[in-house]
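Take a look at the structure set out below.
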Amino acid sequence: MRLTAEQIAAFHEDGFLVLENWFTPEEVDLLRTETYHEFGTEQPGRILEKNGAVRTVFAAHKTNDHFARLTRLDKMAVPAAQLLGDEVYVHQFKINAKLGLDGDQWEWH
């Protein structure tokens, strides 16, 4: 799956690109199911809030085959390479679960 010249131009102008229906409903359901599986699995990459709720899961692509495949899908890698103008790789993979206005403060860069 390749982006059009118009999509690439929109990304460079706006700083983001929305790709509606990029994933099928079945793919979304599978990833949602796997996300909840990761939330329920005790592991070093799972970070909890003080109240015990899952805040984030780091590196799920190293422990979950579905997320590993997600990072290698052509429909993810090809457009990312188009936007960056170079090869791409996974630098960091995390699933954030923190609810807005709830839980501990989370500083961003």
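Here, each number is a calculation from the coordinates, and none is a lab measurement. Here the structure is a predicted model, which means the values were calculated and not measured. FYI the Cβ positions are ideal-geometry reconstructions off the backbone, even for glycines, and counts take in every protein chain you see.
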Residues meeting the amide H criterion for T56 (H placed from the backbone, H to H distance under 5 Å, 5 or more places apart or on another chain) are I47, A97
Positive minus negative residues near A80 (Lys, Arg vs Asp, Glu; Cβ under 14 Å): 0
In degrees, nearest 10, the alpha-carbon axis of helix 74-84 is tilted away from the dominant principal axis of the alpha carbons of the chain by 70
Cβ charges +1 (Lys, Arg) and -1 (Asp, Glu), total dipole of the chain, debye: 340
Largest first, please: the extent of the C-alpha atoms of the chain along each principal axis, to the nearest Å. 47, 29, 26
Length-normalised contact order of the chain, Cα under 8 Å, at least 6 apart, in percent, tallies to 28
